[in-house]
Each structure stands twice: as structure tokens, then as C-alpha cells.
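**Q** Dropping a structure here in C-alpha cells format, bear with me for questions.
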Amino acid sequence: MSQAEPTPTPLPVIDEFDESGPLVGILIGSESDREAIEPAVTELNERAISNELLVLSAHRDPRGVAEYASQAAVRGVRVIIAGAGMAAALPGVVAAYTDLPVIGVPLTSSKSVMGGLDALLSIVQMPPGVPVACVSVNGARNAAVLAAKILAQGGGYPDPPGRSSAAA
Ligand code: RP5
């Protein structure tokens, strides 16, 4: 006799959204990623692009990631930057729950393999149909520049005066 499949617990439903949410949502998988993602926050702030930074782990809090990603667009978020190290599932999981463009930032950590090659491959090797844009290892600033360029397609976030998009 076959056993019944377990019934999945429904995702929590958010009743109220912050309609004036930021244009860019930035997620990191761990507090230990905060320093590495800071250049993205700085770049966006210098361009006066609204953003928020949350720590949400794909393996420690998958429901939280699903909730955030599935509600982001309706809150006004237009691009999501997701930085993670090691297996770095976060950007791919986010992309699975939203149609917004997702930019993955492979990060190094004290436990990285080959200086972050583990995270780089995890992010860049998304299977067909669920794309994640991928910047260089620890390329947080480039992720923000790319987010600005994506937003510019909707009209209006050019490079700030005296600044070039040619990022480090
Ligand atoms: C990933 O594992 C995080 O993105 C981080 O880069 C790495 C190590 O996380 P901690 O063990 O420092 O929390 O989930």
C-alpha cells in the first residue's frame, strides 16, 4: 500500500503591501555577506535609487525567500540583486518565484571553494527558462550598475554626473 503524499503547507499570505516599496531589492544569504554586498548599496544610494537590504537564506528560510520574491513586484520592486556564497541557491530560488530580473552576486566566504568558484557556478549555471544574470565574484558594485541600466529601460536612471558605468 502506497503512503499518501504529505500536504504542503501553504505559503503565508501578506495582506498589506508597502506600495511605495524600493525599486531594487537586495538579498543576502547570511549576515556574513553584508560587507561584500555593501558596494551595491553604496552605488544605488549614490544614484538615488531606492533600495532595501534583507538577510534571507535559501536553505535556512526558504519560505521567507519565497514570500519576499513572490510579493516583490506588487510592492514596486523592479530588480532584485541576490548575493550568496558557497552553494549560492538564493538567486535561483528568487528567480523561481518572480518574473522580475534577478542579478546574482557570487560571494566568497571563509568556507568558499576555489575563491568563490562554487558560488559562481551555482549562480551562472541556471537551467534554461529561469535565468539569473551573474556578475563577477564579489561584483556587488557591478550588480548595482546593471540594476540601474535595467531600470533605465523603463525611463530614467542614467549615470550620475561625472560617473561612468564602467565598473570595477
Ligand atoms: C551562504 O553560505 C551565505 O550566502 C554565505 O556566503 C555562506 C556562509 O554563510 P554563514 O555560514 O557565514 O552564515 O548561505
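**Q** Given points 7 Å out from each Cα along the Cα-Cβ axis, report the Glu38 to Val113 separation in nanometres with one decimal.
**A** According to this spin-label approximation, the distance is 3.0 nm.
**Q** If you place +1 on the Cβ of every Lys and Arg, -1 on the Cβ of every Asp and Glu, and leave all else neutral, what size is the dipole of the range 41-128 about its Cα centre, to the nearest 20 Debye? Provide the component values of the computation, followed by the final result.
**A** Values: 6 positive and 7 negative charges, 19 e Å.
The dipole of the range 41-128 has a size of about 100 debye.
**Q** Once Rh for the range 38-149 is found with the Kirkwood sum over Cα pairs, what is the Stokes-Einstein diffusion coefficient at 20 °C and 1.002 mPa s, in µm²/s?
**A** Working: Rh = 13.9 Å.
Answer from the Stokes-Einstein relation: 154 µm²/s.
**Q** Hey, quick one: spin label on Glu31, modelled 7 Å out along Cα-Cβ, who in the range 42-66 has an amide N within reach, i.e. under 17 Å?
**A** 53-58, 60-61
**Q** Turning to a different aspect of this structure: Given a Förster radius of 41 Å and the C-beta distance between Gln153 and Leu54 as r, what FRET efficiency does 1/(1 + (r/R0)^6) yield to the nearest 0.05?
**A** Numbers: r = 25 Å, r/R0 = 0.60.
Working from the Cβ atoms, E equals 0.95.
None of the figures in this text is laboratory data; all of them are computed from the coordinates on show. Source: prediction; values computed, not measured. No Cβ is skipped: glycine too gets one built from the backbone with ideal geometry, and neighbour counts run over all protein chains shown.
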